[in-house]
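Got a structure for you, written out below as structure tokens; questions coming shortly.
Read the figures in this text as sums done on the coordinates, not as results from a lab. From a predicted model like this one, the values you see are computed outputs, not experimental measurements. Every residue, glycine as well, gets a Cβ built from its backbone with ideal geometry; the counts of neighbours run over all protein chains shown.
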Amino acid sequence: MTALYIVLGLIAVLVVWLIGVYNGLIKFKNRTDEAWSDIDVQLKRRYDLIPNLVSTVKGYASHESGTFEKVTEARTKAMSAQGAHDKAEAENMLSQTLKSIFALAEAYPDLKANQNFLKLQDELSDTENKIQAARRFYNGNVRDFNTKIQIFPNNIVAGMLGFNKYEFFEAGEEEKANVKVEF
């Protein structure tokens, strides 16, 4: 009879442990999903600002239609990208095309002084900073979740229950390149 109690006790401990591991994995997974949602919120804000920025610049530089088309195309690709890797690539491309809009503004002194343009530029800069913070937060949660599902004995439970690693939101090669400064 004592052996039965020992076996039942061990089974109870194992069940409680499995429940604890499962709940911990769910908690980390939900945090990571929330962090991804935070990135989406900031990206949506940026997507909403871009048409206003383009229309403001168009008024001053209407003959620069190629630049506007690239920005619009990059925005569309970024909005439809799925998954962390594809989304990161599309967002990096969009960031590059936005830089061309601001470079274009340098050639038009009236545009640089336009209050609408300055306000949009400030809002976009603020949004870019929030996107970077959201990316760091997401990547921190991805690190924690991936670590949680890879350590022993959690990896056994995670494997049995189908928990998969998340991808990091990484900078593109263009963003990693050295900046060329010329005077």
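Rounded to the nearest 0.05, what FRET efficiency is calculated for LYS119 and MET79 with R0 set to 25 Å and r the Cβ-Cβ distance?
So the FRET efficiency works out to roughly 0.60.
Describe numerically, in nm with one decimal, the distance between label points set 7 Å from Cα along Cα→Cβ at TYR47 and at LEU18.
With each label point 7 Å from Cα toward Cβ, the separation is 4.1 nm.
Right, another one. Residue separation times 0.36 nm, minus the C-alpha to C-alpha distance between PHE152 and SER65: what's the value?
Residue separation times 0.36 nm, minus the Cα-Cα distance, leaves 25.7 nm.
By how many nm would the segment from ASP40 to ASN129 grow when fully extended, if each residue of separation counts as 0.36 nm and the alpha-carbon distance is taken off?
Between ASP40 and ASN129, full extension yields 30.7 nm more.
Measure up LYS27/LYS77; LYS27/LYS87; LYS44/LYS119 against 26 Å on the Cα-Cα distance and list the ones that go over.
Table pairs above 26 Å Cα-Cα are LYS27/LYS77.
Within 10 Å, at most 12 other Cβ atoms, and a DSSP state outside H, G, I, E, B define an exposed site. Report the longest part of the chain free of exposed trypsin sites (Lys or Arg not before Pro).
1-164
How are the alpha carbon pair distances in region 18-169 distributed across 10 Å bins from zero to the largest one, expressed in percent?
11, 34, 24, 16, 10, 5, 1
Mind sorting VAL16, VAL157, VAL57 by how few other Cβ atoms lie within 10 Å of their own Cβ, fewest first?
Going from least to most buried by this count: VAL16, VAL157, VAL57.
Moving to a separate point now. Relative contact order for the chain: what percent, with Cα pairs under 8 Å and sequence separation of 6 or more?
33
So, one more: Let me know the charge dipole size of region 18-169 about its Cα centre in debye, to the nearest 20, where only the beta-carbon of Lys, Arg (+1) and Asp, Glu (-1) is charged.
460
Same structure again: For TYR166, what residues show an amide H to amide H distance below 5 Å, using hydrogens built from the backbone and excluding near sequence neighbours?
Under 5 Å from the amide H of TYR166: ASN146.
Take the Cα of LEU161, step 7 Å along the line toward its Cβ, and report every residue of region 3-26 whose backbone nitrogen sits under 11 Å from that point.
Hits in region 3-26 for LEU161 at 11 Å: 17-26.
With equal scatterers on the alpha carbons only and no solvent term, can you work out the Debye log10 of I(q)/I(0) for region 53-104 at 0.20, 0.26 1/Å?
-0.64, -0.92
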